[in-house]
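Notes to accompany the following structure.
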Amino acid sequence: MVFFHLMSQVNHLHLLNSIFGHKTFRGQQEKIVLHLCSGKDCLVLMPTSAGKSLCYQIPALMRDGVGVIISPLIALMKDQVDNLNEMGVRARALNSSLSFNEVLEVQKLLREGRLDLLYLAPEKLANKPFFSFLKTLNIALFAIDEAHCISEWGHDFRPSYLQLGFLKKYFPQVPLIALTATADKQTRVEILEKLKIPEENLFLSSFDRPNISYEIIEKKRPKEQLLAFLKENKGESGIVYCMSRKKVEDLALWLTEKGLKALPYHAGLDEKLRERNQNTFIKEEEIIMVATVAFGMGIDKPNVRFVAHMDLPKSLEAYYQETGRAGRDGLPSKAWMTYGLDSVVYLKKLMENSEADNERKLVEKKKCDQLISYCESIQCRRQSLLEYFDEPYKGPCKNCDNCWTTQESVDATLWSKMALSAVFRTGESFGVHHLVSLLRGENNEKIRQFNHENLSVFGIGKMNSPFLWKTLFRKLIAENYLRVDSEGFGALSLSPKSAQILKEGQKVFLKNKCHSKNDQKRSEFIDGDPHKKKVDFKDDFQKKLFDDLRAFRLKLSRERGVAPYHIFIDRTLMEMADKRPQTMKDLRNLHGVGNFKLRRYGKLFVDFLSESVSLQ
Ligand code: ZN
């Protein structure tokens, strides 16, 4: 046993370096690798970019037979297979995108024991002849990616995942690893139960993504606000999420007119166009993908530098997952969102109109409230987000808008009473817009039409700007002091909680962010904190060299028909620009340069570097 342990230690470290070009394991990777190698099952919860795939790829290479990875997304399988092939690993995929002959070819390779890793769509397991074939193979391990898809309560349930519960019955000796980047406590328990993994075999990592900064801004003129944000991130790739298909198309067009490389993506687009846009995003640089949530799962592009939300996501889990598509390579990245009254009203209406059964409705309502209170909160965003996943975090993170800005607190109890009376006096049948006009004493047509200029509340709120009133109404709705009608016209009515303000002395405070200090704070914080890994170049030459290397990589990737990051990731190029290796041996020492890649691309890059450096 001792001997085996020592042997495996040599082997797994050797593989890590020779194939993947990494010097050391990160976090719990090594523990998980050894756990699987010893034949035990486990569930791994790790955030995106923490290196989940290494946890099964290395044991699959070390153990006898082929490692079978169940993955729900064809795009992701293809990406992983391409990436592994670029490192010299014998990997293939089996899914509905393959032709009959391609399937036969993969099966032949499997029969002859000439594959290290097989990526498999879950539906394939329901195919009886294929399942029988699988039983004749020597299998190193089963890995179930996106394991939260097995949870019926989760946000991404897939019926084809349910049958995975039977794997252990037919392959009792084959170790099984389930992996996910999103699972709250309930989902976690469900995965363990369904896959029959003992609770003590759970590997739980921190869900923190320290390289992502979080920012939520008050929605005013959202398109212009987005444009300003995109200008701040000029030359980078990113995703902009919108709620509706129409909005996606309008915004993509508008951004293109503004001179940006923006592409639309939603489920209603022609399939060919959709695929082409996705490929452009993966294989080119500086592309802004404007998309509905139909886009993103299965996108493994490591240098997505920002994720912007023009509308609220479905839940806090969805927000974490969607923003998590930024910065897979660990370099500084941004999660940015505009948030306003319309978002809250929309979400509340959606909840009211939900056709789910009562139990489910309660869950949905809770998730909606959690999301809204996250947006309204003045607490460190990272802290709130991690608390949602039951992870204690000692803030402030210094890398979110609430940590950058100072907050000013105003007693808004009296104004809240005015707002609630305005709702009551108008018969609980008007929306925010009209109520604000009423409070501010605006003499417009609608006011006159309903004789609202004669009400006692007419004009009692002149002292506040329309914007402040809207913010206050948003807060009252967000905290359930007011209800939004379910008919769809946005009329507000009092709720059982209203009485707390009107009669029971409940105080209301409005927190105003001092935005003027924002930018200064932000740069101060980032500069002052070494953990933020701000992309820093020593001098202009290094920055230029990095840009030149990126352009060289893009040219190379176009010639070879592979994604740029399958050649080398940005981090490797950054190390190249910094250390400027002049020999193959020096290049091999950089992060992400394994033996196979060295043979394939080493000379090209060493030549390019020596030429660039000699021109300096
Ligand atoms: Zn923070």
Quiz item: Ser377 versus Leu502, label points 7 Å from Cα toward the beta carbon: distance in nm?
Solution: 3.1
Quiz item: What length, rounded to one decimal in nm, is gained on full extension from Lys258 through to Asn512, with 0.36 nm per residue of separation minus their alpha-carbon distance?
Solution: 88.2 nm
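Go ahead and run the numbers for FRET between Phe541 and Ala356, Cβ-Cβ distance against an R0 of 41 Å, rounding to 0.05.
0.10
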Quiz item: For the chain, what proportion of DSSP beta bridges, expressed in % and rounded to the nearest 5, is antiparallel?
Solution: 15
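Shape verdict for the chain, please, from the Cα gyration tensor: rounded (a/c under 1.5), prolate (a/b greater than b/c) or oblate.
prolate
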Practice problem: Would you work out the relative contact order for the stretch 382-508, in percent, from Cα pairs under 8 angstrom that are 6 or more residues apart? | Solution: 26
Quiz item: To the nearest 0.05, what FRET efficiency results for Arg114 and Phe157 with a Förster distance of 51 Å applied to their C-beta separation?
Solution: 0.90
Practice problem: Assuming R0 = 22 Å, can you tell me the calculated FRET efficiency for the pair Glu271 and Glu249, based on Cβ-Cβ distance, to the nearest 0.05? | Solution: 0.85
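For the stretch 212-407, rounded, prolate or oblate, judged on the Cα gyration tensor with a ≥ b ≥ c (square roots of eigenvalues), a/c < 1.5 rounded, else prolate if a/b > b/c?
Details: a/c = 1.62, a/b = 1.23, b/c = 1.31.
Note, shape of the stretch 212-407 comes out oblate.
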Exercise. Mind giving me the nanometre distance, one decimal, between the label points for Phe171 and Glu102, set 7 Å out from Cα along Cα→Cβ?
Key: 2.2
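Could you order the peptides 173-182, 295-304 from most to least packed, using the average number of other C-beta atoms within 10 Å per residue? Display every interim value, and only then the final one.
Numbers: 173-182: 22.2, 295-304: 19.7.
Going from most to least packed, we get 173-182, 295-304.
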Practice problem: With a probe of 1.4 Å, find how much accessible area the chain has per residue, and write the answer as a whole number in Å². | Solution: 46
Exercise. Beta carbons within 10 angstrom, averaged per residue: use that to sort the peptides 100-110, 248-258, highest first.
Key: 248-258, 100-110
Quiz item: About its Cα centre, how strong a charge dipole does the chain have in debye, to the nearest 20, once Lys and Arg get +1 and Asp and Glu get -1 at the Cβ?
Solution: 520
Quiz prompt | Value of relative contact order over the stretch 2-204, rounded to a whole percent, pairs C-alpha under 8 Å and six or more apart | solution = 28
Quiz item: Using θ = phi - 60° and the Karplus form 6.51 cos²θ - 1.76 cosθ + 1.60, what ³J(HN,Hα) does each residue of the stretch 52-63 get, whole Hz, x for Gly and Pro?
Solution: 5, 4, 4, 4, 10, 5, 5, x, 5, 6, 7, 7
Quiz prompt | Cα→Cβ-extended label distance, 7 Å offset, between Phe489 and Ser429, nm | solution = 0.7
Exercise. Identify, among Thr180, Gly165, Asn201, the residue whose Cα sits farthest towards the positive end of the charge dipole of the stretch 99-208, taking +1 on the Cβ of Lys and Arg and -1 on the Cβ of Asp and Glu, with the dipole about the Cα centre.
Key: Gly165
Quiz item: By how many nm would the segment from Ser456 to Thr583 grow when fully extended, if each residue of separation counts as 0.36 nm and the alpha-carbon distance is taken off?
Solution: 37.4 nm
Quiz item: Relative contact order of the chain: what whole-number percent is it, with Cα pairs under 8 angstrom and at least 6 residues apart?
Solution: 14
Quiz item: Any idea how far the Cα center of the stretch 76-96 sits from the one of the stretch 226-251, in Å?
Solution: 31
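The values are calculated or read from the model by the stated rules, or taken from the named source; none is laboratory data. Keep in mind the model is a prediction, meaning the values are calculated, not measured. FYI the Cβ positions are ideal-geometry reconstructions off the backbone, even for glycines, and counts take in every protein chain you see. Quick note on the areas: whole protein, heavy atoms, side chains included, nothing else; ligands and nucleic acids left out. Shrake-Rupley method; radii C 1.70, N 1.55, O 1.52, S 1.80 Å.
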